[in-house]
1. Of the residues 65, 58, 50, which is over 20 Å from residue 121 (Cβ atoms) and touching a helix residue (DSSP H, G or I) at 6+ places or on another chain (Cβ under 9 Å)?
2. Could you tell me which residue of region 107-127 is nearest to residue 65 (Cα to Cα), considering only residues that are modelled with pLDDT of 90 or more and surrounded by fewer than 16 Cβ atoms within 10 Å (Cβ to Cβ)?
3. Confirm whether residue 31 is part of a loop (DSSP other than H, G, I, E, B), surrounded by 12 or more Cβ atoms within 10 Å (Cβ to Cβ) and modelled with pLDDT under 95.
4. Being exposed (fewer than 12 other Cβ atoms within 10 Å of the Cβ) and part of a loop (DSSP other than H, G, I, E, B) is the filter here, so list the residues in region 51-84 that pass it.
5. Looking at this structure, is residue 94 part of a loop (DSSP other than H, G, I, E, B), at pLDDT 90 or above and at negative phi?
């Protein structure tokens, strides 16, 4: 069986980006969720994008809203100076199919949270 050329390494450091949301209502909801969150969303089901050998070692930083059901919405590049739009597009398409364990507030209730997720393309042949 052939091993995959590359896989994604997730840096699970989620950052609230409430100040970057479009509406004041979204900003208020995100800030409240961030302040009261006891946990951050964690990917539980992932689909890997097709990657090329020249893309190994690159990182794509995405911004998205993870709803209380663990579904990603409004997935977009967080880095405005992205120099590999093809890779970014393929990673966004893959992440849009992912399922997350949603963030939870201090009471344990699932909440919506805006996060930034850096995704590093890693060569699986090197362990």
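1. Numbers: 58 fails: over 20 Å from residue 121 (Cβ atoms); 50 fails: over 20 Å from residue 121 (Cβ atoms).
Every option except 65 fails the conditions.
2. The selected residue is 109.
3. Details: part of a loop (DSSP other than H, G, I, E, B): no; surrounded by 12 or more Cβ atoms within 10 Å (Cβ to Cβ): yes; modelled with pLDDT under 95: yes.
Answer is no for this residue.
4. 57, 69, 80, 81, 83
5. On the way: part of a loop (DSSP other than H, G, I, E, B): no; at pLDDT 90 or above: yes; at negative phi: yes.
So residue 94 fails the test.
The values are calculated or read from the model by the stated rules, or taken from the named source; none is laboratory data. Just so you know, these numbers come straight off a predicted model, no measurement behind them. Note that we place each Cβ from the backbone using ideal geometry, even for glycine, and neighbour counts take in every protein chain shown.
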